[in-house]
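The values are calculated or read from the model by the stated rules, or taken from the named source; none is laboratory data. Model, not experiment: these values are computed from the prediction. Note: ideal-geometry Cβ built from the backbone for every residue, glycine included; neighbour counts use all protein chains shown. Keep in mind that these areas ignore ligands, DNA and RNA; they rest on the heavy atoms of the full protein, side chains included. Shrake-Rupley method; radii C 1.70, N 1.55, O 1.52, S 1.80 Å.
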Amino acid sequence: SNHNDMKKQLILLCALAISASLHVTAQSFRKQISEHPELSANNYLAYPAPSGRLTPAPSGYLPVYLSHYGRHGSRYLIHEQQYLRPIETLQQADSAGVLTNEGKDVLRKLHLMYTESYKRWGELTPLGAQQHQQIARRMYRRFPSVFRDSVWVDAKSTDVIRCILSMENELQELIRHNPRLKIRHDASAHDMYFMKQPDKKLSHQRDSSAVKNTIDEWGKRNIDTKPLMARLFKDKEYVTKKVDAGQLTFDLFSLASIVQNSEIRHSLSLYNLFTADELYQLWQRSNAWWYLRYASAPQSGGNQPFSQRNLLRKIITDADSCLALPHPGATLRFGHDTMVMPLTCLLNLNNNDIRVSDIDSLILKDWSSTRIVPMAANIQFVFYKNPKNPKADVLVKVLLNEEEATLPLPKTSTPYYYRWSDFKKFYLSKLNSYHE
């Protein structure tokens, strides 16, 4: 019948519209990378400036307490090898006379980067320090009622120096704005059970052959290293015999990505080495790596976000005990991207807790580790009370990298504001459902 044909056409149109919109998502990020190549850096992206947009609290409500978990700021690469391995490869080729002019230029730049980062592997850069000062300044300006008078700010860091220095930069900035704040700061193995929880079973699944094979297989299908090798080396045969093309490509991509985080960014870039398509493919591979290891990917057991179960419990119990005080202050925690990412998924912020087997569909679902774990990534939980009405619900709003985020909780009359009682009920039941 005519009616059924119409229906079929409508269904087809809807399907086309959906696939077109998914295509736009992928296209737009690919386009963004061609305009801003540094966006391909995933967790090496220097912290992006937040939009500053915040939905006003419901009338009568004021922020009373802030709880947070943040990643350290911009750093150098963690291992000396990450600089030396590509330098040695290019150096040998240069001695053999097979480097192109572009290859020689890259080698020169890598020497400069190695000098700048020498014996600073994994350390906070000046930009990293600045990011935390700016985050603290915005925190203070946005939520002045949290940091008033002589309230306590309780800060903890993992025992890694870049995290400790990130914490100190935020605390110094807060004190600059309000010298009366009372500060506790600590970085102790005693707190690692929630600050950086070890979990043998989950890390075993994360390092499984299923994860490794998925990435390797994707790389073989999607990443062609030949054009890059041809730009660097004059001799194909030399490359086949002497160069690990895959390793060199990933090393150069890491180095290109890290430049934006240190002072050397003012004098050199490695992005002219790659085409926008190559950057997009390398970004996709790294994005998939994050998804497979720290999100709910079936390849790593589907439970990776629960690595942060102790942290989320601690956030909840700390909040309850602080909210019982007349002036709760703030609880700040400083750690790593490998905590921020699974915590984001455990909370399902902005629907980031997805489960897909085929990693190509990550693009379709607009899942991007760049948006979740840039340098200095942070999750802020801001708690609101109505001082005129002590019986009113306590509300909580969550910011991911200082932008308002959605939670999978019953909505209230104001977007992004959720009832604390709903938050606790939902997440405690989720945590209780996990059996080790």
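Every test in (1) in a helix (DSSP H, G or I); (2) at pLDDT 65 or above; (3) in contact with an Asp or Glu (Cβ under 8 Å, 6 or more places away or on another chain) is passed by Arg53 save one, and that test is (1). Residue count for segment 396-414, restricted to those that are open to solvent by 10 Å² or more (accessible area, probe 1.4 Å), in contact (Cβ under 8 Å) with a residue 40 or more places away in the chain and within 20 Å of Ser67 (Cα to Cα): 7. Could you check Leu232 against (1) out of contact with any strand residue (DSSP E or B) (no Cβ under 8 Å at 6 or more places or on another chain); (2) open to solvent by less than 30 Å² (accessible area, probe 1.4 Å); (3) over 30 Å from Pro126 (Cα atoms) and say which number it fails? Here Leu232 meets the rest and fails (1). The residues listed here are Val153, Val146; of these, the one that is in a loop (DSSP other than H, G, I, E, B), among the aliphatic types (A, V, I, L, M) and open to solvent by less than 70 Å² (accessible area, probe 1.4 Å) is Val146. Residues in segment 223-252 that are in a helix (DSSP H, G or I) and under 24 Å from the mean Cα position of the chain (by Cα): Gln247, Thr249, Phe250, Asp251, Leu252. Could you list, in sequence order, the residues of segment 425-436 that are open to solvent by 50 Å² or more (accessible area, probe 1.4 Å) and in contact (Cβ under 8 Å) with a residue 60 or more places away in the chain? Within segment 425-436, Leu428, Glu436 qualify.
Kindly list, by first and then second residue, each pair from a residue in segment 347-364 that is under 11 Å from Ala297 (Cβ atoms) and at pLDDT 90 or above to a residue that is of a type in the set (Lys, Arg) and not in a helix (DSSP H, G or I), limited to pairs with Cβ atoms under 7 Å and residues at least 6 apart or on different chains. That search, which allows pairs on different chains as well, returns Ile354/Lys365; Val356/Lys365. The set of residues in segment 93-134 being more than 31 Å from the chain's Cα centre (by Cα) and open to solvent by less than 50 Å² (accessible area, probe 1.4 Å) consists of Ala93, Gly97, Val98, Leu99, Thr100, Gly103. Residues that are assigned to a helix (DSSP H, G or I) and basic (Lys, Arg) were ranked within segment 302-333; the one that is surrounded by the fewest Cβ atoms within 10 Å (Cβ to Cβ) is Arg313. Among residues of segment 273-298 that are part of a loop (DSSP other than H, G, I, E, B) and at pLDDT below 95, none has a Cβ under 6 angstrom from a residue that is buried (at least 21 other Cβ atoms within 10 Å of the Cβ) and of a type outside the set (A, V, I, L, M, F, W, C) at a sequence gap of 6+ or on a separate chain.
Summed over segment 25-48, residues that are without any contact (Cβ under 8 Å) to a residue 12 or more places away in the chain and assigned to a loop (DSSP other than H, G, I, E, B) total 1.
Of the residues that make up segment 299-308, is at least one in contact (Cβ under 8 Å) with a residue 40 or more places away in the chain and farther than 23 Å from Asp199 by Cβ? Within segment 299-308, none of the residues are in contact (Cβ under 8 Å) with a residue 40 or more places away in the chain and farther than 23 Å from Asp199 by Cβ. Taken over segment 46-92, the criterion of being aromatic (Phe, Trp, Tyr) and buried (at least 23 other Cβ atoms within 10 Å of the Cβ) is satisfied by Tyr47, Tyr65, Tyr69, Tyr76, Tyr83.
Within segment 58-75, identify whether any single residue is within 28 Å of Leu232 (Cα to Cα) and in contact (Cβ under 8 Å) with a residue 24 or more places away in the chain, and answer yes or no. For segment 58-75, residues within 28 Å of Leu232 (Cα to Cα) and in contact (Cβ under 8 Å) with a residue 24 or more places away in the chain: present. Across segment 178-192, the number of residues qualifying as farther than 19 Å from Arg162 by Cα, touching a residue at least 12 places away in the same chain (Cβ under 8 Å) and not aliphatic (A, V, I, L, M) comes to 3.
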